[in-house]
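The values are calculated or read from the model by the stated rules, or taken from the named source; none is laboratory data. Being a predicted model, the structure only gives us computed values, none of them experimental. As a convention, Cβ positions derive from the backbone with ideal geometry for all residues, glycine included, and neighbour counts pool all protein chains shown.
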Amino acid sequence: MIETKHIDFYYGAFHALKDVSIRIEPHTVTAFIGPSGCGKSTFLRLFNRMNDLIDGVRLTGECIVDGVNIYNKSVQVDDLRKKVGMVFQKPNPFPKSIFENVAYGLRVNDVQNKAFITQRVEESLKSAALWEEVKDKLKKSAFELSGGQQQRLCIARALAVSPSILLMDEPASALDPISTSKIEELIHVLKQEYTIVIVTHNMQQAARVSDRTGFFMLGELVEYSDTKKMFLNPEKVETQNYITGRFG
Amino acid sequence: MKHTEKELQALKDAVSQMWMLVMSQLEKSEQAFINNDMELAREVVSREKRVDAFELKIDSDCENYIALYAPVAIDLRLVLSLIKISITLERIGDFAEGIARHVIDADCATIEPEIMKELRCEDMFAILRSMLSDSFTAFYSEDTVLSGRILSKDDEIDHIYRRSIDVLAEYLADHTSLIRCGLKTMLLIRKLERIGDHCSNIVEEIVFYVDAKVLKHQG
Ligand SMILES: Nc1ncnc2c1ncn2[C@@H]1O[C@H](COP(=O)(O)OP(=O)(O)OP(=O)(O)O)[C@@H](O)[C@H]1O
Ligand SMILES: [Mg+2]
């Protein structure tokens, strides 16, 4: 389970997240929507401490993953990132073979057992619905895959280290409808085993894949509720204006 | 106004026009009934096709809107309610035609005016007329304060309807030569009662659209 309590986040003097409190249940898909620059990605990156890499940031409040405040001094960021995987908007395979891309997380974690690595790579590619398309060319460069295949490869890479939480920042925004629907199907299947948090600009995608939806505006979580309710009868007029396209 | 809003407005306007037509059909069938005006009754029958055409057009326009614009929230509720309202208006139009045909069939030339008064058909007509126009006001102004009043008028319709069964049964027991007329009159009253139900359904749709509340099947 993920829980944040009164999160405030600053890039220098810029107040990017304002008093955000949220609970995300295990084995659910949660979508974050909102206008560009409202803080969705910033919020998502908090869950695996990706924002730590940026200079001059400041955080107050608590971010609790499986009962532990992940910003406690005792938390090892590497361990956290094994538990909380991330997939980005643009597929970013490494300049390695398909096999090595998926095996990467295991190797940096010092896994030596070859048979185990081979097994995990196959399992992960299967979970990412890519196995059938690549099983005969695992040694080929990842760059030889199409954009949609590369994105599923990145999902496989994230899955290989057996995370429990998968963060996805606009994972299908650069993909065609067929690849998009493969990713969406995948999200649907993966939620049996993982807790998934997805940022998307595609309202219909949020409606299709998520159980809960959070609407952000200017760094605030304006509304957070069941996706069905959000898209039939949102509570706040700001949400309604945004999802019906009357914003601005 | 954005073009998607204009499209929605056009859908709403079509339903408003259909509403006007159905109100006029109901009023004309009322006048034809009260004045036994065959001419007017025939006009109602011939204009029924226009009501049907409205329903078909609104149905396909709403389908297209959903397919093209994937509306959500209040827009989705509006389109869903427009589809249901136009189907319901079409049924009310059918009943108005049925009333006109009742006049044309002229099976009730010899029934006594007193008994017709006791059956309160004219009261039913007047109540239905106000239900249909009040619900139009509620729809047009997106205001549901009238909804309670409209729904309670339907209770009055139901009351008159139940009482008319007793009145007719008693009357026909002594006037067996008028059985055919009595049965036709009962069918007429049944139509009026059904129009009341349909007006209530329309009000429920308006409440769903405006307030996102579901009133259906609660009473
Ligand atoms: N590294 C950074 N340094 C300074 N400001 C940043 C940085 N990253 C983001 N911001 C600012 O924080 C705000 C939130 O950014 P964020 O990337 O979280 O938005 P977003 O909701 O993901 O937008 P988009 O939908 O365009 O991806 C923006 O105003 C942005 O300019
Ligand atoms: Mg972003």
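Listed values, structure above:
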{"quantity": "Some residue of the stretch B:108-119 being at pLDDT 95 or above, on the phi < 0 side of the Ramachandran plot and aliphatic (A, V, I, L, M)", "calculated": "no"}
{"quantity": "Filtered residues of the stretch A:8-23 (kept if surrounded by 14 or more Cβ atoms within 10 Å (Cβ to Cβ) and among the hydrophobic types (A, V, I, L, M, F, W, C))", "calculated": "A:F9, A:A16, A:L17, A:V20, A:I22"}
{"quantity": "Total residues in the stretch A:207-216, condition within 20 Å of A:T42 (Cα to Cα) and more than 14 Å from ligand 2 (Cβ to nearest atom)", "calculated": "4"}
{"quantity": "Matching residues, the stretch A:124-139, being over 16 Å from A:Y104 (Cβ atoms) and among the basic types (K, R)", "calculated": "A:K126, A:K135, A:K137"}
{"quantity": "Checklist (1) buried (at least 19 other Cβ atoms within 10 Å of the Cβ); (2) on the phi > 0 side of the Ramachandran plot applied to B:V79, failing item", "calculated": "(2)"}
{"quantity": "Strands (runs of 3 or more DSSP E) contained entirely in the stretch A:1-118, each with at least 3 residues that are away from ligand 1 (no atom under 16 Å from the Cβ) and closer than 24 Å to A:V209 by Cα", "calculated": "A:14-24"}
{"quantity": "Residue check, A:L17 more than 14 Å from every other protein chain (Cβ to nearest Cβ), within 15 Å of the chain's Cα centre (by Cα) and within 16 Å of ligand 2 (Cβ to nearest atom)", "calculated": "no"}
{"quantity": "Qualifying residue in the stretch B:21-40 (condition: farther than 28 Å from B:C181 by Cα, of a type in the set (G, A, S) and modelled with pLDDT of 95 or more)", "calculated": "no"}
{"quantity": "Any hit, the stretch A:87-97, residues being surrounded by fewer than 16 Cβ atoms within 10 Å (Cβ to Cβ), over 24 Å from A:T195 (Cβ atoms), among the charged types (D, E, K, R) and in contact with a strand residue (DSSP E or B) (Cβ under 8 Å, 6 or more places away or on another chain)", "calculated": "yes"}
{"quantity": "Flag for A:F247 being within 14 Å of another protein chain (Cβ to nearest Cβ), at pLDDT 90 or above and not in a helix (DSSP H, G or I)", "calculated": "no"}
{"quantity": "Of residues in the stretch A:207-223 being surrounded by fewer than 21 Cβ atoms within 10 Å (Cβ to Cβ) and more than 24 Å from A:F9 (Cβ to Cβ), the one farthest from the other protein chains (Cβ to nearest Cβ)", "calculated": "A:D211"}
{"quantity": "The stretch A:34-50 - residue that is more than 11 Å from ligand 2 (Cβ to nearest atom) and either among the hydrophobic types (A, V, I, L, M, F, W, C) or under 18 Å from A:H188 (Cβ atoms) (or both) and, of those, farthest from the other protein chains (Cβ to nearest Cβ)", "calculated": "A:M50"}
{"quantity": "Residue check for B:S164: assigned to a helix (DSSP H, G or I) and more than 14 Å from B:M186 (Cβ to Cβ)", "calculated": "no"}
{"quantity": "Leading residue by the ranking (surrounded by the most Cβ atoms within 10 Å (Cβ to Cβ)) among those in the stretch B:170-219 that are of a type in the set (V, I, T) and closer than 20 Å to B:E122 by Cα", "calculated": "B:I195"}
{"quantity": "Spans of helices (runs of 4 or more DSSP H) in the stretch A:130-228 with at least 1 residues closer than 22 Å to A:P35 by Cα", "calculated": "A:177-190, A:203-209"}
{"quantity": "Residue list for the stretch A:224-244, filter: within 11 Å of another protein chain (Cβ to nearest Cβ) and among the acidic types (D, E)", "calculated": "A:E235"}
{"quantity": "Number of the condition not met by A:V197 [criteria: (1) within 16 Å of ligand 1 (Cβ to nearest atom); (2) farther than 26 Å from A:R120 by Cα; (3) at pLDDT 90 or above]", "calculated": "(2)"}
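Condition check ((1) on the phi < 0 side of the Ramachandran plot; (2) surrounded by 13 or more Cβ atoms within 10 Å (Cβ to Cβ); (3) among the hydrophobic types (A, V, I, L, M, F, W, C)) across all residues:
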{"position": "A:I117", "(1), (2), (3)": "yes, yes, yes"}
{"position": "A:K135", "(1), (2), (3)": "yes, no, no"}
{"position": "A:S141", "(1), (2), (3)": "yes, yes, no"}
{"position": "A:S146", "(1), (2), (3)": "yes, yes, no"}
{"position": "A:Q149", "(1), (2), (3)": "yes, yes, no"}
{"position": "A:L175", "(1), (2), (3)": "yes, yes, yes"}
{"position": "A:K191", "(1), (2), (3)": "yes, yes, no"}
